[in-house]
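Have a look at the structure below, then the notes.
Bear in mind that the values in this text are calculations on the coordinates, not laboratory data. Predicted model, so just to flag it, every value in this text is computed and none were measured. Positions of Cβ are generated from backbone atoms using ideal geometry, with glycine treated the same way; all protein chains shown enter the neighbour counts.
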Amino acid sequence: MSAQAYLSIAPEIAAARAAGRPIVALESTIITHGMPYPQNLAMAREVETVVRDNGAVPATIAIMDGKLKVGLSDADLETLAREGHKAAKASRRDMAALLANGATAGTTVATTMQIAALAGIAIFATGGIGGVHRGAEQSFDISADLEELGRTPVAVICAGAKSILDIAKTLEVLETNGVPVLGFGTDDFPAFWARQSGYKVDHRVDSAADVARMLAIQADLGMGGVLIANPIPEADAWEASAIEDFIRQALADAEAQGIKGKAATPFLLQRMFELTGGKSLDSNIALVKNNARVAADIAVALAGRTA
Ligand code: PSU
Ligand code: MN
C-alpha cells in the first residue's frame, strides 16, 4: 500500500483541496501535551474558528483509529483534549507503531508537516516549534521538527521558539538544514512569549502576498519547508527578562526530576503554566490564534496565485 492508504481526509477538506481553496493545517500535540484540559479543547475549537473567519478551511491533524486523520470532528477534538498526556505524542519515528496499534496520538510539528504534505496541504499554523534544547551538547536533544522542516515542503507559521530552548543553536540547525526563516513584520526572531529573542531572521516579510510569492518560488525549486516567525501580539507579550526567571526555574525542576527526551517540552510548558499562575497559557493561546490568522491570510494569498 502507499502512504496515501493511511490517510483519512474529512470530506470538507477533500472538496476544498479539489477546488484549490485555501486550507490551513493545525497540529494536535498542542492539544494533548501542550495545554491542560479544558483550555486545550477551547483553544482547538477557537483556532479552527479563526482560520474559518479568515477565509480558509481548518484541517486539524492527529493519528486516531489506525489512520492519519486530516480534519477532525468535534468529538475527535474532545477525545484528544480529554486524553491529554494519556494520548501518545507522535514523532516521525512513532508513526508506524501508532498506526499498527490503532492508538490515539497528538501529532507534533514534524509529524503534522509530514501528514499535511501527504494530504496536499502547504500551510500549517502552530504555536512554537521544537528546537535545540539548552544543554544539547550533552543530551543531544534536538527536536525532529528541525529535520522535518528541511525536507518536507510545508510552510510553518509559528511564534518563534521558546527560550526554554537554545535559540542560537536552533537557528544554526535550521540553517544547516536549509530552512528559510522569515520574520513576519519583524527583523528579530521572536521567542514565543516574548516578541524578540535578540537574534535576527534571515529575511523579513511584511505581507501575506510577499510570503506567498516566496513560497511559490520555494515550491518551484523543489525545496523543503519554510519557517515563518510571527511575533506574539503586543498586548499578550512578556518582556524576555520577566519570563527568564520562570524559565530557569522550570529547567532546574526538569533537571532535578530527571525529565528528558519527549517528556521535556510538555513538562516545561506545564511548569511554566504553574509558575506564571496560568498567565503563560493565556499568552500561548493568544499567539496560536494570531498565527492561525496569518496562516489563513497566507493560504488565501497562495490560493489566489495558483487560481
Ligand atoms: N511548543 C509549544 N507547545 C507544544 C509544542 C511545542 O509551545 O505543544 C509541541 C509541538 O507539537 C512540537 C513538539 O512539535 O512540542 C516538540 O516536541 P520535542 O521538543 O519533543 O521535539
Ligand atoms: Mn526532543
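Rounded to the nearest 500, the 222 nm mean residue ellipticity of the chain from helices alone is -14500 deg cm²/dmol, with -39,500 (n - 2.57) taken per DSSP H run of at least 4 residues. Spin-label model, Q4/D282: points 7 Å from Cα along the beta carbon direction are separated by 4.8 nm. Note on the chain: GNM, Cα springs under 10 Å; of A116, A155, A254, the largest mean-square fluctuation is that of A254. Over the C-alpha atoms of region 1-157, the Rg to Rh ratio, Rh being the Kirkwood estimate, stands at 0.95.
Given Cα positions, please report Rg to Rh for region 97-165, the hydrodynamic radius being the Kirkwood one.
Dividing the radius of gyration by the Kirkwood radius yields 1.01.
The residues packed around E255, meaning those with a beta-carbon under 11 Å from its beta-carbon, carry a net charge of +2 if Lys and Arg are +1 and Asp and Glu are -1.
The dipole here belongs to the chain: it is taken about the Cα centre, uses +1 on the Cβ of Lys and Arg and -1 on the Cβ of Asp and Glu, and is about 620 debye. Take every DSSP beta bridge whose two residues both sit in the chain; close to 30 percent of them are antiparallel. The stretch between A256 and E234 holds 4.5 nm of extra length on full extension. This uses 0.36 nm per residue minus the Cα-Cα distance. Based on the Stokes-Einstein relation at 10 °C and a viscosity of 1.306 mPa s, and on the Kirkwood radius from alpha carbon pairs, the chain is assigned a translational diffusion coefficient of 84 µm²/s. Approximating the spin labels as points 7 Å out from Cα along Cα→Cβ, the E244-to-R305 distance works out to 3.9 nm. Extension gain, A97 to Q39, is 18.0 nm, computed as 0.36 nm per intervening residue step minus the present C-alpha separation.
For each of E48, E147, E12, count neighbouring Cβ atoms within 10 Å of the residue's Cβ, then give the residues from fewest to most. Provide the component values of the computation, followed by the final result.
Numbers: E48 21, E147 17, E12 14.
Ranked by crowding around the Cβ, least crowded first: E12, E147, E48.
Between E175 and A216, the contour length at 0.36 nm per residue exceeds the Cα-Cα span by 12.7 nm. Relative to one another, the C-alpha centroids of region 232-307 and region 13-29 are positioned 24 Å apart. Between region 86-154 and region 43-85, the alpha-carbon centres lie 16 Å apart. Place a label point 7 angstrom from the Cα of D74 along the Cα-to-Cβ direction, then list the residues of region 99-139 whose backbone nitrogen is under 19 Å away. The answer is none.
Going from the fewest other Cβ atoms within 10 Å to the most, the residues T186, T29, T112 appear in the order T186, T29, T112.
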